[in-house]
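Below: one structure, written as structure tokens.
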Amino acid sequence: MRKRWPKIPAAWITPLGVVGAVIAVVWVGIAFTARLWVPFEPLAQDLPRLQSPGIETLMGTDALGRDIFSRLMTGASVTIPLALMLVLMSLVVGTLIGALAGYFGKWVDELLMRLTDLVMAFPTVILAMVVAAALGPSLFNAVIAAFVVSWPQYARMTRSIVLGLRTQNYVMAGRLMGFSPFKTLRVDIAPNVVGPILVLASLDVGTAILLLSGLSFLGLGAQPPTAEWGSMISAAIQNFDSWWIGLFPGLAILTVVMAFNFVGDSLRDIFDPTSQVSRAGARS
Amino acid sequence: MGNTPRATRRYSTRSPLVGYLLRRLGTSVLLLFGVTVVTFALANLVPGDPIAAALGEGAASNPATVEAYIQERGLDQPLPVQYANYIGGLLQGDMGISLRTTQPVAEDLAKAVPATVEIALLAIIVSLGVGVALGSLAAYRRGKISDQLVRVFSLIGLSIPTFWMALVSFNFFFLQLRIAPGAGRLSPILPPPPTVTGFHTVDSLLAGQWVTFTDALAHLMLPVFVLSLFTIGLLTRFVRTSVLEVLDADYVRAGRAKGLSGSRLLFGYVLRGASLPILTIVGLAFGVLLSGTVLVEAVFAWPGLGSYAYNSATSLDLPGVMGVGLVVGVVYLTINFAVDLLYGVLDPRVRLA
């Protein structure tokens with residue numbers, strides 16, 4: 001399977017997907033290199049305060065005399081890796097739990113699915129806010145809170161796929177050949193789960209960035225003086241007249257999230273069969 | 001029930017629906033119970049020091065104060081007893097005292113709820129209207145340029161950080177262009193209308209205060225616009241999928257073959273068939289809106305649940321945050337229950353199955 005990886009089928013190359021992928025790659029590149037080339041130290045407070053955008057400070061300075069452009073670029077290295085890590089974590093845990101629930105059924109399924117019901121009984125931002133506030137404000141706790149609300153969707157999706165496959169003949173054949181449950185899950189079931197989960201994950205990167213920056217906006221994530229987009233926007237509320245303080249970090253969030261959403265949505269057309277030939281009702 | 005002949009049970013028009021509703025009610029009550037367990041656990045069991053958080057650092061350094069607090073709140077009791085006390089308190093409307101406002105959280109929230117419900121209801125109406133229009137358009141013109149444009153538009157809507165959009169639009173439409181009214185629910189010179197529903201728009205109409213009505217509506221515009229962007233994106237995509245699913249259905253083809261006009265076909269056949277899945281997503285959209293208010297209201301100084309949550313969170317007022325979590329959880333459960341009810345009433349397969 002891996003050998004076919006470098007060859008990208010022509011049908012995958014859609015304008016939307018390409019635009020999204022290019023923007024996403026640029027931002028990820030910025031995230032990993034920004035510290036090397038930003039013009040000013042992101043935490044240094046030695047510039048004139050509240051300077052509007054100009055030649056020296058491209059995006060102006062904030063109320064403490066810090067260069068917004070430098071903070072914005074290094075901010076990418078806070079948000080993007082954390083969001084990717086968060087999605088990976090939710091994906092692994094959620095998929096495992098969903099697979100166990102779907103494969104073993106009975107009380108395992110009942111227990112795990114009631115747990116997802118409970119998480120989904122709250123709107124996501126609200127539950128994340130409550131968890132983050134209870135754990136205490138820090139970027140690490142914000143990631144934990146975001147994880148708490150984001151794994152169930154992976155569990156739900158994996159479970160429904162596994163449930164559908166469990167009784168298929170080829171899976172039965174494997175089990176009759178003496179495959180252990182984990183070998184069955186790995187060999188016969190996992191390949192069917194990869195596509196839909198990948199689509200979900202790529203769309204979830206955007207959601208994760210919105211959630212993490214939202215928590216920081218609420219003061220529950222990144223703490224000052226960390227250069228983080230959500231808290232930079234939060235600082236703009238105190239300086240309404242200096243429009244540049246809030247405008248640029250928001251544009252950063254918007255473009256990154258949009259890029260991952262474009263990629264995810266294009267992937268969905270390729271991978272997710274339900275988006276094309278779904279005949280079943282919304283609830284099943 | 002056990003002796004009822006199978007045939008009458010199957011074809012009676014009431015009992016299956018009632019059974020369905022009871023099952024749904026049971027699930028909702030269980031989840032409600034779960035929601036209180038979650039807020040209780042978070043408020044009492046997290047690794048941080050809830051006592052220090054509740055008393056503030058100064059008071060927490062005094063052992064006598066801490067001891068008195070533990071006695072008063074029954075924190076030396078076993079956990080199940082503490083939980084029972086917590087539920088008992090909730091049932092009497094006791095959600096603790098806000099550290100920030102020093103008022104009972106329940107009283108603060110009761111004042112805040114109508115403002116948020118007003119904004120959320122208007123936002124859901126706007127989102128549904130625009131979402132159904134754009135989604136149907138995209139489905140009818142599948143693969144055409146307008147379909148692609150709607151797709152990009154709705155994806156961008158799903159990518160906008162609402163708290164930023166609130167800030168930018170407030171800055172632009174109020175501070176720069178001066179075409180939007182300022183913050184709050186009403187202009188400072190206007191007294192609020194006599195409270196009937198708690199919605200300023202409805203109350204002012206009931207009292208015949210036309211000026212207050214237009215002012216309240218004008219203040220709603222910008223927050224509703226900002227809040228709706230995400231849900232418009234969500235609903236548009238979902239409506240498109242649902243409409244596509246029924247467009248190929250035999251009954252729609254039959255309608256077309258009968259020579260029905262476009263609008264008759266769209267409203268009487270297509271949207272009617274697609275309405276059930278759309279209804280499901282409306283419940284979800286409400287959750288998104290309630291989340292959104294937390295991030296948006298503070299910017300507009302809108303005195304609702306969202307501002308309360310924002311202020312509680314930024315000042316680390318744990319009772320306040322937990323109160324919002326609980327109330328929003330309950331509201332969200334209620335809405336989803338209502339959606340399920342409506343679903344059961346509308347869908348003959350659920351009603352008669």
Only one of A:Pro152, A:Pro137 that is within 30 Å of B:Tyr310 (Cα to Cα), part of a loop (DSSP other than H, G, I, E, B) and in contact with a Gly (Cβ under 7 Å, 6 or more places away or on another chain) = A:Pro137
Just one of (1) surrounded by 16 or more Cβ atoms within 10 Å (Cβ to Cβ); (2) touching a residue at least 24 places away in the same chain (Cβ under 8 Å); (3) in contact with a strand residue (DSSP E or B) (Cβ under 9 Å, 6 or more places away or on another chain) trips up A:Leu47, so point out which.
-> (2)
Any hit, region A:168-186, residues being under 23 Å from A:Gly264 (Cβ atoms) and either surrounded by fewer than 16 Cβ atoms within 10 Å (Cβ to Cβ) or among the β-branched types (Val, Ile, Thr) (or both) | no
Can you find a residue in region A:58-73 that is surrounded by fewer than 22 Cβ atoms within 10 Å (Cβ to Cβ) and under 17 Å from the mean Cα position of the chain (by Cα)?
-> no
When every residue in region B:167-202 that is within 14 Å of another protein chain (Cβ to nearest Cβ), in contact with a Phe, Trp or Tyr (Cβ under 8 Å, 6 or more places away or on another chain) and in a loop (DSSP other than H, G, I, E, B) is compared, the one nearest to B:Ala298 (Cα to Cα) is B:Ala183
If B:Gly34 satisfies every condition in (1) surrounded by 11 or more Cβ atoms within 10 Å (Cβ to Cβ); (2) within 30 Å of A:Ala145 (Cβ to Cβ); (3) modelled with pLDDT under 75 but one, which is the exception?
-> (3)
Which members of region A:124-144 meet the condition of being over 14 Å from B:Val321 (Cα atoms) and within 13 Å of chain B (Cβ to nearest Cβ)?
-> A:Thr124, A:Ser138, A:Phe140, A:Asn141, A:Ala142, A:Ile144
Going by the structure shown, is A:Asp265 more than 14 Å from B:Val168 (Cα to Cα), in a helix (DSSP H, G or I) and over 16 Å from the mean Cα position of the chain (by Cα)?
-> no
Given the conditions (1) without any contact (Cβ under 8 Å) to a residue 40 or more places away in the chain; (2) more than 8 Å from chain A (Cβ to nearest Cβ); (3) among the small types (Gly, Ala, Ser), and given that B:Ala313 satisfies all but one, which numbered condition is not satisfied?
-> (2)
Could you grab the pairs with beta carbons closer than 8 Å, sequence gap of 6+ or different chains, first residue in region A:128-144 and closer than 13 Å to B:Thr314 by Cα, second one among the polar types (S, T, N, Q) and part of a helix (DSSP H, G or I)?
-> A:Val130/B:Thr39; A:Ala132/A:Asn141; A:Ala133/B:Ser312
Count, please, the residues in region B:133-166 that happen to be assigned to a helix (DSSP H, G or I), touching a Phe, Trp or Tyr at 6+ places or on another chain (Cβ under 7 Å), under 21 Å from B:Leu290 (Cβ atoms) and within 7 Å of chain A (Cβ to nearest Cβ).
-> 1
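Does B:Thr13 satisfy being modelled with pLDDT under 85, loosely packed, with under 13 Cβ neighbours inside 10 Å and part of a loop (DSSP other than H, G, I, E, B)? Write out each step before concluding.
Numbers: modelled with pLDDT under 85: yes; loosely packed, with under 13 Cβ neighbours inside 10 Å: yes; part of a loop (DSSP other than H, G, I, E, B): yes.
Against the criterion (modelled with pLDDT under 85, loosely packed, with under 13 Cβ neighbours inside 10 Å and part of a loop (DSSP other than H, G, I, E, B)), B:Thr13 qualifies.
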Could you tell me which of the residues A:Val171, A:Val205, A:Val193, A:Val187 is touching a Leu at 6+ places or on another chain (Cβ under 7 Å), assigned to a helix (DSSP H, G or I) and more than 15 Å from A:Val263 (Cβ to Cβ)?
-> A:Val171
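Residue by residue through region A:255-265, note down the ones that are surrounded by 21 or more Cβ atoms within 10 Å (Cβ to Cβ) and either free of Cβ contacts under 8 Å to residues at least 24 places away in the same chain or facing another protein chain (nearest Cβ under 10 Å) (or both). So that I can check it myself, show each step before the final result.
First, the residues of region A:255-265 that are surrounded by 21 or more Cβ atoms within 10 Å (Cβ to Cβ): A:256-265.
Within region A:255-265, A:Val256, A:Val257, A:Met258, A:Ala259, A:Phe260, A:Asn261, A:Phe262, A:Gly264, A:Asp265 qualify.
Among residues belonging to region A:216-245 that are closer than 18 Å to B:Val296 by Cα and more than 9 Å from chain B (Cβ to nearest Cβ), point out the one that is surrounded by the most Cβ atoms within 10 Å (Cβ to Cβ). Give the steps one after another, and end with the answer.
Going through region A:216-245, the residues closer than 18 Å to B:Val296 by Cα turn out to be A:216-221, A:229-240, A:243, A:245.
The next check asks that each one be more than 9 Å from chain B (Cβ to nearest Cβ); those that pass are A:216, A:221, A:231-232, A:235, A:238-239, A:245.
Numbers: A:Ser216: 26, A:Gly221: 31, A:Ser231: 25, A:Met232: 28, A:Ala235: 18, A:Gln238: 10, A:Asn239: 15, A:Ile245: 24.
Top of the filtered list is A:Gly221.
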The one condition in (1) touching a Lys or Arg at 6+ places or on another chain (Cβ under 8 Å); (2) at pLDDT 85 or above that B:Ile278 fails to fulfil | (1)
Please name all residue pairs, on different chains or six or more residues apart, with Cβ atoms under 7 Å, provided the first residue is in region B:197-219 and is over 17 Å from B:Leu121 (Cα atoms) and the second residue is exposed (fewer than 14 other Cβ atoms within 10 Å of the Cβ).
-> B:Leu206/B:Val196; B:Ala207/B:Pro194
Within region B:86-104, can one find any residue that is within 16 Å of the chain's Cα centre (by Cα) and without any contact (Cβ under 8 Å) to a residue 12 or more places away in the chain?
-> no
For residues that are in contact with a strand residue (DSSP E or B) (Cβ under 8 Å, 6 or more places away or on another chain) and over 21 Å from B:Tyr332 (Cα atoms), scanning just region B:87-123, find the one that is surrounded by the most Cβ atoms within 10 Å (Cβ to Cβ).
-> B:Ser98
Can you tell me which residues in region A:76-111 are within 14 Å of chain B (Cβ to nearest Cβ) and either modelled with pLDDT of 90 or more or closer than 20 Å to A:Leu198 by Cβ (or both)?
-> A:Thr79, A:Ala83
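Condition check ((1) within 14 Å of another protein chain (Cβ to nearest Cβ); (2) within 30 Å of A:Ala236 (Cβ to Cβ)) across all residues:
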{"site": "B:Phe238", "(1), (2)": "yes, no"}
{"site": "B:Leu266", "(1), (2)": "no, no"}
{"site": "B:Leu271", "(1), (2)": "no, no"}
{"site": "B:Leu276", "(1), (2)": "yes, no"}
{"site": "B:Tyr308", "(1), (2)": "yes, yes"}
Residue by residue through region A:192-230, note down the ones that are out of contact with any Phe, Trp or Tyr (no Cβ under 7 Å at 6 or more places or on another chain) and within 21 Å of A:Leu58 (Cα to Cα).
-> A:Pro225, A:Thr226, A:Ala227, A:Glu228, A:Trp229
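Limited to region B:253-269, what total is found for residues that are more than 17 Å from B:Asp347 (Cβ to Cβ) and surrounded by 15 or more Cβ atoms within 10 Å (Cβ to Cβ)? So that I can check it myself, show each step before the final result.
Residues of region B:253-269 more than 17 Å from B:Asp347 (Cβ to Cβ): B:253-268.
Checking which are surrounded by 15 or more Cβ atoms within 10 Å (Cβ to Cβ) leaves us with B:255, B:260, B:265-266.
Qualifying residue count, region B:253-269: 4.
The values are calculated or read from the model by the stated rules, or taken from the named source; none is laboratory data. Predicted model only: the values in this text are computed from it and were never measured. So basically every Cβ, Gly included, is an ideal-geometry build from the backbone, and we count neighbours across all protein chains shown.
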